[in-house]
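Below is one structure, written out as structure tokens; the observations come after it.
What follows is calculated from the coordinates using simple rules that are stated; it is not laboratory data. From a predicted model like this one, the values you see are computed outputs, not experimental measurements. Methodologically, a virtual Cβ is constructed for each residue, glycine included, from the backbone with ideal geometry; neighbour enumeration extends over all protein chains shown.
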């Protein structure tokens, strides 16, 4: 379980997140929506321990955020919006490279299976020759190598085709439902959010997303 | 550790072609540069023709002396051939040792014993003529000295047997052993002496090698820029090692490989270029490698863009080479300000010393870099 209480984040005098509280349970896949600059990426960065929180408490399982970020990173998988890959490597080399530096040991077959689960079959192909959708899948697969409990995805499907979006969405649902992962992800694609998420949090002052989702019968809460 | 090594091998395997090229580069370039300089030296020798009308001990001695001059290409010909080649401008000048050469010298005469020919393109004629004259003068003076000794013997009516040849021989030996006039230009404590050809080397092979090696090291270390690029920054936070540990391990791996390549290079250079490699040189090479790898590693960490790094490293290399005296001798400067010697690790290599200051400072900076990165990661 991820429990966030009165979380605040400021950059200088500018407050980006103001007393944000919410809770995510195991097996849940939750969407995070909001206009640009609302603080979605900031919230994900805080939960991924990439930046430090200014105030509030965050607890993931038995770990409380604060002093030992490395212990938390071991159970957090973060998928950045930018592709974080070795473009000159093949899919195989990318997977094996990051597996060797991961906290969890996996066999070559397990690494390949992880890619196949996401419909990424081009194991021997160099990343630079892959389509945008395939690169996105690899970007996610690498983040899952250490088998994290909490998976944070920052617009993981941006700029890719419908088919790939669907495949990624279905895989995330499978991860949540079958393996009990906690998934929080941001997207501007409301169809994707409506289709795959159990719940949705809206962040920011503009009620646009809340109204839009409510009109579509989605359970949405304001942070 | 195994994982680190495996991941590093994956990275290196991808770049094995450029890695091999850059590792072999210092040896190849040093070998080519030294050979080219040698060939250039051969091509710039002044061709002169020497005609000996009658062989004698003194004429042979003169031929030997002229042949020993590094910048002369002495060709023994008959008069007709010599003049013919001079007319074709294949010779700079021609010198004919006359039939009575030895008798004339023994008689103390120095004029009219050699005929000299030149053409309108004999650019080195006057210099060579002066040289030949000085050698002849040398012999004449020696003969004169011998006769002076004979006259003194006569004047003081000494009983000792007078020996002309003994006096001349003694004079030659003294000139050779005491090097009364000979002075050699050597490069930065290069005490290797003349080569087999009797030529004193002006260029230091290890200085040339240091130049290429330093440049190569900087170019090879661009892997750091590739590995710490912005897109990968997040990934390193979610690895068991982090960037600092992985990069430091890379530094160790590269250093070990480069030490082995350096050792091989030194062996090859010592075989192909007849360079002396002492134990002190091996030791200073070992430390030099550690120092320049640390230097390149810390330097590359200051950059984010490869192109700017390459330009910066070329400039930095040249500065270190000039300060180290590998391009131009800086002995004059270091005699006045000895601290200048510490400004480049190359000086230590050429002097076969350990660059303690560089090693200490770089190790200190490396520790700070590692600690800072680890702190940021936390």
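Label point of residue A:88 set 7 angstrom out along Cα-Cβ; within region B:211-226, amide nitrogens under 15 Å from it belong to B:219-226.
Among A:6, A:189, a tally of other beta-carbon atoms within 10 Å of each Cβ gives an order, fewest to most, of A:6, A:189. Using the Cβ-Cβ distance between residue B:226 and residue B:280 with R0 set to 41 Å, the FRET efficiency works out to roughly 0.65. Across region B:87-108, the residues whose backbone nitrogen lies under 12 Å from the label position 7 Å along the beta-carbon direction of residue B:116 are B:93-96.
Model label points for residue B:32 and residue B:376, set 7 angstrom from Cα along the Cα-to-Cβ axis, are 3.8 nm apart.
When A:19, B:121 are ordered from fewest to most other Cβ atoms inside 10 Å of their Cβ, what list results?
Details: A:19 12, B:121 9.
In increasing order of surrounding Cβ atoms, one gets B:121, A:19.
Between residue B:337 and residue B:6, the modelled labels are 5.4 nm apart [label points 7 Å from Cα along Cα→Cβ]. Between 0 and 90 degrees, the angle of helix B:2-14 with respect to the longest Cα principal axis of chain B falls at about 60 degrees.
Can you give me the Rg/Rh ratio for the protein assembly as shown, using Cα atoms for both radii and the Kirkwood formula for Rh?
Values: Rg = 39.7 Å, Rh = 31.1 Å.
Rounded to two decimals, Rg over Rh is 1.28.
Applying 0.36 nm per residue to the separation of residue B:367 and residue B:273 and subtracting their alpha-carbon distance, the gain on full extension is 29.9 nm.
The distance separating the Cα centre of region B:244-295 from that of region B:356-378 comes to 22 Å. Given R0 = 35 Å, the distance between the Cβ atoms of residue A:59 and residue B:13 translates into a calculated FRET efficiency of 0.25. Take the Cβ atoms of residue B:81 and residue B:174, set R0 to 35 Å, and the FRET efficiency comes out at 0.40. What angle do you read, to the nearest 10 degrees and between 0 and 90, between the alpha-carbon axis of helix A:91-100 and the longest principal axis of chain A? The answer is roughly 70 degrees.
Beta-bridge orientation, the protein assembly as shown: approximately 40 percent antiparallel, per DSSP, counting only bridges with both partners inside.
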